[in-house]
Amino acid sequence: MHDLEVQLKKKYGPIWVSTLAQYRMVNIAGPDILENLLKQEGKYPMRAPMDQWKGHRDLRGHSYGPLTAQGHQWQTLRSVLNQKMLKPTDAARYIDTLNEVVPELLDKIKKLRAESQTGLVVKNVAELMYKFAFESICGVIFETRLGCLRSEVADDTQKFIYSVGFMLENEVVIDRLPLWTRNWLPYWGRFLEAWDTIFAYGKKLIDKKMEDIERRLQRGEDLGGAYLTHLLTNGTLSLKEVYGIMPELLQAGVDTTSNTLSWGLYLLAKHPEVQKTLYEEVVSVIPGDKVPSHEDLARMPLLKAVIKETLRMYPVVPLNGRITTDKEVVLEGYVFPKDTLFILSHYVLSRDENSFSEPDRFLPQRWLRSFGRKHHPFSSIPFGHGVRGCLGRRVAELEMHLALSQIIRQFEVLPDPKMKEVKTKNRVVLVSDIPIDLQFIDRH
């Protein structure tokens, strides 16, 4: 699909019109045009209509969360959610939680590797990274550990993990079908069922936290300021609103970091010279068994560059949408009326040779200050832009930097010789079309 978009840009230029099901869309694939569009956004930037997600919330009587809410409702939610999340100092407070999870990830890699025929291969790395990301985000947001990296994962946790992927797979199909098919084909029912599972799991964790807060209040203990406790006790949000928010935060926080880590490890395995340089940087800053600090991560520019380059080549959300609701927009001399649906083609943007030399080459050095050529600031914006940018960016980056640095410090990563060429697949988020199987070889 994304290769087709690249061809469409070559044929029509950085703006073209396409139609999908009931949607007529204007595709944007030029950094200057994207910058112009986003800078014309009003006070409440409007995402593309998430009609399927909203349809589930409306049918079940749930509140909208930060991804489905629009306008003033979105701004109210976001102003509360931004607290204790967006600033670098906010993310830094979660490093102790994440430093507890990463060693469990390393142990899990060893166990999975030992179970393979060669004693070296971990099959389907994305599934492992998904469990790591889920354990991490629950530690940060829900302030609880779920044991996702244990040998036996709780049935309801495993069901949640499966349901997120199942929901996204069915959403891709629903997007392409007319509304009348919902009563005749199974995809809409599967989509609703998956979201029901996700919401039920989120409610269970929230209710558990509410009971914990009540017990601590009865004992006269300090509640502290952790994330979910803050949302439940600050008096701004109703319990129903928190029930609607948390499933969307969970879904967004897990799929994104897990896929980026999987692609990053795959790219490093395919480029041993980059991996060797990264290993040298990591051990120079965090030698031996030293536990990384927030300050240590700031001293590893190549580590950050590897994540940036991975997100350039494999943006988690390859397509994003905006709707102009309050005024017409002028782009490249064209006047677009209110309510135009714009598709932001991030995959095409970040593979443009006018922005990046050798765009299909994995070259993390292009993000270092010493690299001569600068890129357009809107040529790769995997976390979005402005007030509607990714809420969990700081935590996601911290999570990925910690995990990747610790993995590379302990293991040399190589492709499984039996693995075929890996290509991309759009499952709303960008995933691999086949499982990524990698060898993990002990450094010492």
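Is it possible to state the helix-based mean residue ellipticity at 222 nm for the chain, with each DSSP H run of 4+ residues giving -39500 (n - 2.57), the sum divided by total residues, to the nearest 500 deg cm²/dmol? What is it?
-16500 deg cm²/dmol
Using the structure shown, list the pairs from K9/K418; K84/K111; K131/K423 with a Cα-Cα distance above 27 Å, or answer none.
Those over the limit are K9/K418; K84/K111.
Find the eigenvalues of the gyration tensor of the Cα atoms of the range 216-352, then list the square roots of 5 times those eigenvalues as equivalent ellipsoid semi-axes, largest first, in whole angstrom.
They are 34, 33, 13 Å, listed largest first.
Fewest Cβ neighbours within 10 Å first, please rank Y12, Y44 accordingly.
Lowest to highest Cβ neighbour count: Y12, Y44.
Got a sec? How would K327, K276 order by Cβ neighbour count within 10 Å, fewest to most?
Listing K327, K276 from fewest to most nearby Cβ atoms yields K327, K276.
How long are the semi-axes of the ellipsoid equivalent to the range 59-98, from square roots of 5 times the Cα gyration tensor eigenvalues, in whole Å, largest first?
Equivalent ellipsoid of the range 59-98: 27, 13, 6 Å, largest first.
What share of Cα pairs, in percent, lie more than 19 angstrom apart in the range 110-256?
Of all Cα-Cα pairs in the range 110-256, 61 percent lie more than 19 Å apart.
So which DSSP H runs in the chain come out at 27 Å plus along the axis (Cα) with average Kyte-Doolittle of at least -1.0?
Within the chain the helices that satisfy the rule are 95-114, 155-175, 187-218, 239-270.
With a 10 Å Cβ neighbour count serving as the proxy for reagent exposure, in which order, fewest first, do F132, F371 appear?
Listed from fewest to most nearby Cβ atoms, that is F371, F132.
A short reminder: the numbers here are calculations on the coordinates, not readings from a lab. For clarity, every value in this text was computed on a predicted model and none was experimentally measured. Every residue, glycine among them, receives a Cβ derived from its backbone with ideal geometry; neighbour counts consider all protein chains shown.
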